[in-house]
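*Asks:* The following block contains the structure, expressed as structure tokens.
Bear in mind these aren't lab numbers, they're just calculated from the coordinates by the rules spelled out. Keep in mind that this is a model prediction, so the values were computed, not measured. Glycine also receives a Cβ, built like all others from the backbone with ideal geometry; neighbour counts cover every protein chain displayed.
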């Protein structure tokens, strides 16, 4: 299958909060147009979701963490092996349709 990604992806493992889900999830990589998420639990292809990513202040060189709220949709569902453990975790690729920066606490 040909690679169809458009933007540069950054290998960032950041916590991600998915609306309506309690499972701890993390980004594996991130771009302006999409994100790959591990540990999100089962999600179906085409599912729409809202999630929040916090970009650490130290990574950005700013005074406060930057919170980004995103609306996206699942475009790929994979099973990935956790590096530290032999158990499988769900991985999903999401297109980011819309995002906004929100003021932190």
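*Asks:* Do you know the relative contact order of the stretch 15-102, to the nearest whole percent, from alpha carbon pairs under 8 angstrom that are 6+ apart? Intermediate values should be presented prior to the final figure.
*Replies:* On the way: 203 pairs, mean separation 25.7, N = 88.
RCO, the stretch 15-102: 29 percent.
*Asks:* Ok, one more. At 0.36 nm per residue, and after removing the present C-alpha to C-alpha distance, how many nm does the segment from residue 103 to residue 10 gain when stretched out fully? Provide the component values of the computation, followed by the final result.
*Replies:* Details: separation 93, 0.36 × 93 = 33.48 nm, distance 2.34 nm.
Length gained, residue 103 through residue 10: 31.1 nm.
*Asks:* Based on the Cα atoms of the stretch 15-102, what semi-axes does the equivalent ellipsoid have, where each is the square root of 5 times one gyration tensor eigenvalue, given in whole Å with the largest first? The partial results should precede the final answer.
*Replies:* Numbers: eigenvalues 96, 53, 23 Å².
They are 22, 16, 11 Å, listed largest first.
*Asks:* Please give the FRET efficiency for residue 45 paired with residue 17, using the beta carbon to beta carbon distance and R0 = 30 Å, rounded to the nearest 0.05.
*Replies:* Calculated transfer efficiency: 0.90.
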